[in-house]
Amino acid sequence: MWKVKPPVEFPMETRYRPILESLVPPDPMSQFHLRRGSPEEEFPDLSRNSTWMGRILTPAMYRRQFNRCTNSGVIFDDVIRQGLEAPGECSAPVSVGCLAGDAQSYILFCDFFDRVIEAYHKHKITSETPESDFNYDNLKGGDDLDRSYAVRCEVSIVRGVEDFCFPTHCSRGERRQLFTLARGALHRLQEQLSGQLHLLEELNQEQQRELKPNLPSSTQQRIGVARDWPDARAVWLSQNGSLVVWVNIDDHLRLVSTRDDANITEAFKCICINLQKLEAYYREFRHPFTWKQQLGWVTSSPADVGTGLRISVDLKLQHLPKHKRIQDVLKRLRVHMDETESPALYRVSNAATFGLSEVVLTQQLVDGAKLLIAMEKRLEANGDIDELVPTQK
């Protein structure tokens, strides 16, 4: 029995159908001469799949996508491969279970992607353009978290580059062109923020210990993200340590600002300022960041559409994680809480990137972290937290 009942006809499919029909020849698979069976024969076994892909995909939906192919050669089986290679666990947070091979995938397979995005982010896709706000002065209270509890924070943002396939599908030549673009943009950035670009293979042992670059997982290797590793993969480090830019790792670009004083405001400010500078440079190079009207900024993962923004703060919590209402509290705050390598240290991060502006998402995380600290203090004093539990957001 399907956990998510599909509608008879998905509205976004109707809206995009003229575009879809203009993009796709009658039988694009004939161009590749692939030996495939019918949609019924090729439908994957999803009986033990715990991803949103596994919950949403039906034989009828699979049949509708079956003979579609983007201009760069992405077919629907490429999109769902991640969820088949990593089907997830029932006890873990539900992952999207799919990756776009290129930006066109979000249009061509919108029948599927729109429903995954709405389920994961818990926000309805409309015809309105998503709001964007990089005015860091609008953020309140991100610089005064209680340091007895807040240990460290990190703000990161991902971007895809227009006219290039995403990592699961990009060619060796494309990846090297992306590296050349990044090198040019980061060289321009160095005029205002001193730093240095390093190929991953050139990092010395001290830099590797500091950055802790993750080796590709077996899943990343199987789905093509780590193809030709570490060719054209690089990292840019600012001299003052405020910014790290990863190139061609799991997305085209990922900017990361980490602070040991848990000052979310300063980390967010660093990301906003430098991202907008890089965006201007890429636009000058005639390769702007990828934007879709109904979705906002898009990258390879539907989990990052909208803003691509991730904010996390490490909190010392002894009592709250054991409380019977903790999962309800986290759901109401729209945040995740994950264990770290250190005992009693938990990483709190935003659950969604779509539907709200960058400032509002960051403000939610700041307010949520402060509330969790207040609850921890109440429990330390043997008090009750029921009156502190927020209403559903």
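Look at (1) open to solvent by less than 20 Å² (accessible area, probe 1.4 Å); (2) assigned to a loop (DSSP other than H, G, I, E, B) and you find that Val79 fails only one, number (2). If the condition is being open to solvent by 70 Å² or more (accessible area, probe 1.4 Å) and assigned to a helix (DSSP H, G or I), then the stretch 371-393 contributes Lys377, Arg378, Glu380, Asp386, Glu387.
Checked against (1) without any contact (Cβ under 8 Å) to a residue 12 or more places away in the chain; (2) open to solvent by 10 Å² or more (accessible area, probe 1.4 Å); (3) farther than 24 Å from Glu266 by Cβ; (4) part of a loop (DSSP other than H, G, I, E, B), Glu191 meets all criteria but (3).
Taken together, the residues in the stretch 193-237 that are farther than 30 Å from Ile75 by Cα and at pLDDT 90 or above amount to 10. Quick check: anything in the stretch 281-297 assigned to a helix (DSSP H, G or I), touching a residue at least 40 places away in the same chain (Cβ under 8 Å) and not assigned by the TED database to the domain that holds Arg81? Yes: the stretch 281-297 contains one or more residues that are assigned to a helix (DSSP H, G or I), touching a residue at least 40 places away in the same chain (Cβ under 8 Å) and not assigned by the TED database to the domain that holds Arg81.
The rows are residues; the columns are (1) farther than 23 Å from Thr129 by Cβ; (2) modelled with pLDDT of 95 or more; (3) over 14 Å from the mean Cα position of the chain (by Cα); (4) of a type in the set (Ser, Thr, Tyr).
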residue	(1), (2), (3), (4)
Gln294	no, no, yes, no
Pro302	no, yes, no, no
His319	yes, no, yes, no
Tyr346	yes, yes, yes, yes
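Going by the conditions given, is Arg332 assigned to a helix (DSSP H, G or I), surrounded by fewer than 17 Cβ atoms within 10 Å (Cβ to Cβ) and either assigned by the TED database to the domain that holds Phe109 or without any contact (Cβ under 8 Å) to a residue 40 or more places away in the chain (or both)? So Arg332 fails the test.
Residues of the stretch 311-329 being within 18 Å of Asp384 (Cα to Cα) and in contact (Cβ under 8 Å) with a residue 24 or more places away in the chain, which ones?
Leu317, Gln318, His319, Leu320, Pro321, His323, Arg325, Asp328, Val329, listed by residue number.
Applying the criterion of being polar (S, T, N, Q) and open to solvent by 10 Å² or more (accessible area, probe 1.4 Å) to the residues of the stretch 348-370, the residue that is nearest to the chain's Cα centre (by Cα) is Ser349. Criterion applied to Glu154, Glu131, Glu162, Glu174 was being within 26 Å of Trp52 (Cα to Cα), open to solvent by 10 Å² or more (accessible area, probe 1.4 Å) and acidic (Asp, Glu), and the one residue passing it is Glu131.
Note on the stretch 85-128: among residues that are among the small types (Gly, Ala, Ser) and open to solvent by 10 Å² or more (accessible area, probe 1.4 Å), the one that is modelled with the lowest pLDDT is Ser91.
Check whether at least one residue in the stretch 346-354 is in contact (Cβ under 8 Å) with a residue 24 or more places away in the chain and over 30 Å from Gly296 (Cβ atoms), and report yes or no. So far as the stretch 346-354 goes, no, none of its residues is in contact (Cβ under 8 Å) with a residue 24 or more places away in the chain and over 30 Å from Gly296 (Cβ atoms).
Residue-wise test of (1) touching a residue at least 40 places away in the same chain (Cβ under 8 Å); (2) in contact with a Cys (Cβ under 6 Å, 6 or more places away or on another chain); (3) surrounded by 14 or more Cβ atoms within 10 Å (Cβ to Cβ).
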| position | (1), (2), (3) |
| --- | --- |
| Gly141 | yes, no, no |
| Tyr149 | yes, no, yes |
| Pro167 | yes, no, yes |
| Leu199 | no, no, yes |
| Arg209 | no, no, no |
| Thr219 | yes, no, no |
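Among all residues of the stretch 256-264, there is none that is touching a residue at least 40 places away in the same chain (Cβ under 8 Å) and over 15 Å from Glu154 (Cα atoms). Being in a loop (DSSP other than H, G, I, E, B) and open to solvent by less than 20 Å² (accessible area, probe 1.4 Å) is the filter here, so list the residues in the stretch 222-243 that pass it. Correct list: Gly224, Val225, Ala226, Ala232, Arg233, Leu243. For the stretch 206-221, which residues satisfy the criterion of being more than 19 Å from the chain's Cα centre (by Cα) and assigned to a helix (DSSP H, G or I)? Residues satisfying the conditions are Glu206, Gln207, Gln208, Arg209, Glu210, Leu211, Ser218. If the condition is being open to solvent by 20 Å² or more (accessible area, probe 1.4 Å) and under 19 Å from Lys124 (Cβ atoms), then the stretch 270-303 contributes Lys292, Gln293, Gln294, Trp297.
The values are calculated or read from the model by the stated rules, or taken from the named source; none is laboratory data. None of the values given here were measured: they were computed from a predicted structure. Neighbour counts are summed over all protein chains in view; Cβ atoms, including those assigned to glycine, are modelled from backbone coordinates with ideal geometry. Ligands, DNA and RNA are stripped out before the accessible areas are found, and what is left, the full protein with its side chains, is counted by its heavy atoms. Shrake-Rupley method; radii C 1.70, N 1.55, O 1.52, S 1.80 Å.
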